[in-house]
Amino acid sequence: MLTRSGLGAVITALILTTLGLWWNYEELVIAAIGVALVVLMAIVVARRPLRATVERRVRTIRVPRGDPVRVAYRIRTDTSHRSGRATLIDRCDGQDVEIEIDPVAAGDISEVLSTLPTRRRGVFELGPLDIAKIDPFHLAAGRWRQAEDHAALATVHPKVYEMVGPQGSSRVVENESIVRRAAADPMSGFVSMREYVAGDDPRMIHWPTTARTGTLMVREHVEVRRPEFTIVVDAVSTVASEEDFEEMVDVAATLAVHALRAGLDVVVRTTNREHAGRPTPLDSEADVLDLLTPIRQAGDEPLAVGALFAQGFDHTSVLLVTGPDGPSTRLAASDQMVTIRVGDGARSGAGVAVAAQDAPDFVNRWRSWS
């Protein structure tokens, strides 16, 4: 392919040829032939494949959204000739990156480090890798696709922001984890005896003590339950744009990871039927990131928030992360759920505890709100 300079050279050759024939001036024709030969040579040089093999090695397979994927390109010359200067063109999630490579001596190996940008979550196949060359006179450029032995993958997971610790509703759950609750479960821990009160479970009556004191006495049991901290991502497409949804997932990941670090049981759910999460607590931070990485917005037949809690709200604190136009649905027991709006133009309203423009703004507002 001709560059602008190459196209100008061709036009010049045509003009010289025309004038030389018109004026019967053969020196102009010879000059035109010379220019044409230079352009032809430039095309041949530019289209000649690079005398080297390029291999891509991904140095960071998992990265947070917004952080670059670090890549190393290994250029090896197997021929007896020095390779020329060229430009590598690599891709990640539809974004092209150009990497300049210098000539490599015959039989030598060179390595070039570069980065590929990330803008959204997902598992992306890098490439395909193209090689572009231009002749020394910048008259022609050639480009061809590098044959790759295997595809390189990069996982872009939600970005987790630093927080001092779970606050607000999370703090309530953290405090509840050390509260001793009365229980009628015979398998709970025994604490003491007390007099029978109307409404007590008759199974709790301790008959030997009752016979000895002449008063109905019941065994009092308590339980110390590990609370659940449930985060729900409102994945309905009408509540947020694609960019705002990415910020919403970052907020959900931040809350879930820091709740895990505080020693809480964390459940992550979404209103996308295909990726609704699981009703049981997640075991690690990696589980949180892996669950949230593939989630996309649901356009058709999303789940209602209430459908995620068909078994009730026993010992759980619910945070609904929604977009600036959310929530898509609400719980009947609104006092058991805290709503967070995230996105451009998000505003506070009835039942909305925090409204933030993006994930960093949320972290700042969450701390001040708590």
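The values are calculated or read from the model by the stated rules, or taken from the named source; none is laboratory data. The structure presented is a predicted model; accordingly, all values stated were derived computationally and were not measured. Backbone-built Cβ (ideal geometry, glycine too); neighbour counts: all protein chains shown.
Here are some notes:
- Hits in the range 63-98 - residues which are closer than 13 Å to residue 132 by Cβ, small (Gly, Ala, Ser) and at pLDDT below 90: 84
- Number of residues in the range 268-281 that are surrounded by fewer than 22 Cβ atoms within 10 Å (Cβ to Cβ) and aliphatic (A, V, I, L, M) equals 1.
- Residue 269 meets the conditions (1) in contact (Cβ under 8 Å) with a residue 40 or more places away in the chain; (2) in contact with a strand residue (DSSP E or B) (Cβ under 6 Å, 6 or more places away or on another chain); (3) charged (D, E, K, R); (4) closer than 26 Å to residue 343 by Cα in every case but one. The failed one is (1).
- Residues of the range 1-26 satisfying the condition of being within 30 Å of residue 142 (Cα to Cα) and aliphatic (A, V, I, L, M): 1, 2, 7, 9, 10, 11, 13, 14, 15, 16
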